[in-house]
Ligand SMILES: Cc1cc2nc3c(=O)[nH]c(=O)nc-3n(C[C@H](O)[C@H](O)[C@H](O)COP(=O)(O)OP(=O)(O)OC[C@H]3O[C@@H](n4cnc5c(N)ncnc54)[C@H](O)[C@@H]3O)c2cc1C
């Protein structure tokens, strides 16, 4: 039979059409306009998995309201290091998105980003005390200087009327308020970046194309085998650099690439659901992202929050996420994803991570068993007057938490994102979920530094500074620089600056 396989040769292959591939693709094309890029996506449009608006919470994670980024240490002090790092990363994303807007590479800023206050809300004496300590610790950090704190019922009612309405006034509650938070439609932003990329010479995008195999040849180039899901045709492409930005599908592709750096990695899928408000009057009453404390055993990304959203020009309101368990690694994936990912080199880390995370397992089992009444009860902790007829259940995106080999050979469950790169810089893969899309620009800058030796050239350095004026510098310790950057990006992205 004649070989009908289609063959091509390109400089870069991006696997998956989510926000990570979009960000890397646009950055590389700006750095080197002559670069040839092929993008392969198994679904029929971009941003159809985690990056789509309803599949994530759309929070521009800046650590303003997410309490899991500021743990209380055994000595009672509050750790702010991680919060500062996330806040700085978000400022990098704001700079990159401002560059895209100024250059006319993406749609209008109001199509993908809006200002919205970020609020943390707790109840009970102990939690209120923690929140006050967190506020005092963060107030010393320049990027958080605008944060306000209150235990006053009237003040909290002004910040979040829906959350305080119907609440017992004798109950101790506390909140912090950050006026400069954001809601981001990552799906719109991603599609906008791909629309721009597809218009560029040297960029080809293939939808309904699933990457099946990756193999490094003796020349150092990668040979990638792809199946056209529309007609079953096979395609092979050779490239010196491949980025696996396949979201939940990344782990299986890393295993197929079979690089030593990938040994011992496993994945733990956590699915999610939201309650979506259908009552316009209720939606209009809320204008904030209000994050609470996670319950015992809950993974950090399952912190409950009641969130105003702006999706396709419509104001929306969601509460959640309710976690769940499914063996799928992608929302549009297969129930065999988890069993198929278990290999000789990760079976021990995966079993050990399961054994050491029994509270998480118990939490997920409890979540899966929740009835509609149980869900409503949880919602009423945040919206005391909630009525079941005003809310419907919506399935969120699928997350695959990273399991890593620990020093003792056992497994450690991680809740962040992790970039694994081959030592020769020819392959990079992004695993994990949080803080995710908000920090996509910083993640990709780091990846470019590791994998592209041209990144040290004067030309690339100058372009990187044009895209990200603060490139290579920290911001929290430079008040003048961070104030200037925030003001400029607020103007371009049409965001509140105070
Ligand atoms: C419930 C939930 C809430 C979240 N909330 C937030 C939030 O508030 N703020 C925030 O910043 N982040 C949030 N995140 C995280 C954020 O959504 C992700 O970090 C981000 O979208 C990941 O982008 P990605 O490009 O890596 O993956 P994805 O957007 O999932 O894209 C991967 C793409 O790869 C494709 N693919 C998979 N396998 C293959 C293959 N073999 N061949 C070809 N294509 C393939 C998939 O179809 C998909 O289109 C949340 C995530 C979830 C699930």
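Would you mention how many residues in region 323-338 are out of contact with any helix residue (DSSP H, G or I) (no Cβ under 8 Å at 6 or more places or on another chain) and near the ligand (Cβ under 8 Å from one of its atoms)?
1
What are the residues in region 103-120 that are touching a residue at least 24 places away in the same chain (Cβ under 8 Å) and farther than 28 Å from residue 305 by Cα, if any?
Residues of region 103-120 that are touching a residue at least 24 places away in the same chain (Cβ under 8 Å), as a first pass: 105-107, 109-120.
105, 106, 107, listed by residue number.
Is it the case, given these coordinates, that residue 492 is under 17 Å from residue 27 (Cβ atoms), surrounded by 15 or more Cβ atoms within 10 Å (Cβ to Cβ) and modelled with pLDDT of 95 or more? Please lay out each step first, then the result.
Numbers: under 17 Å from residue 27 (Cβ atoms): no; surrounded by 15 or more Cβ atoms within 10 Å (Cβ to Cβ): yes; modelled with pLDDT of 95 or more: yes.
Taking the combined requirement at face value, the residue does not satisfy it.
Please identify the pairs in which a residue from region 46-74 that is more than 9 Å from the ligand (Cβ to nearest atom) has its Cβ atom under 6 Å from the Cβ atom of a residue that is modelled with pLDDT under 95 and outside any helix (DSSP H, G or I), counting only partners at least 6 apart or on another chain.
If the second residue must be modelled with pLDDT under 95 and outside any helix (DSSP H, G or I), the pairs left are 53/311; 67/293; 68/303.
If I ask for residues that are closer than 18 Å to residue 498 by Cα and in a helix (DSSP H, G or I), which ones from region 128-154 would you list?
If the condition is that a residue be closer than 18 Å to residue 498 by Cα and in a helix (DSSP H, G or I), then 135, 138, 139, 142, 143, 144 are the ones that fit.
For region 467-482, give me each residue that is in contact (Cβ under 8 Å) with a residue 24 or more places away in the chain and not in a loop (DSSP other than H, G, I, E, B).
Within region 467-482, 467, 479, 482 qualify.
Residue by residue through region 155-199, note down the ones that are touching a helix residue (DSSP H, G or I) at 6+ places or on another chain (Cβ under 9 Å) and under 25 Å from residue 253 (Cβ atoms).
186, 187, 189, 190, 191, 193, 194, 197
State which residue is modelled with the lowest pLDDT when the search covers only region 253-266 and only residues that are surrounded by fewer than 24 Cβ atoms within 10 Å (Cβ to Cβ) and assigned to a helix (DSSP H, G or I). Can you show your working first?
Of all residues in region 253-266, those surrounded by fewer than 24 Cβ atoms within 10 Å (Cβ to Cβ) come to 253, 255-264.
Cutting the leftovers down to assigned to a helix (DSSP H, G or I) gives us 253, 255-257, 260-262.
Numbers: 253: 96, 255: 92, 256: 95, 257: 96, 260: 93, 261: 92, 262: 88.
Checking each candidate, the answer is 262.
The values are calculated or read from the model by the stated rules, or taken from the named source; none is laboratory data. Bear in mind the structure is a predicted one, so any value in this text is a computation, not a measurement. Glycine also receives a Cβ, built like all others from the backbone with ideal geometry; neighbour counts cover every protein chain displayed.
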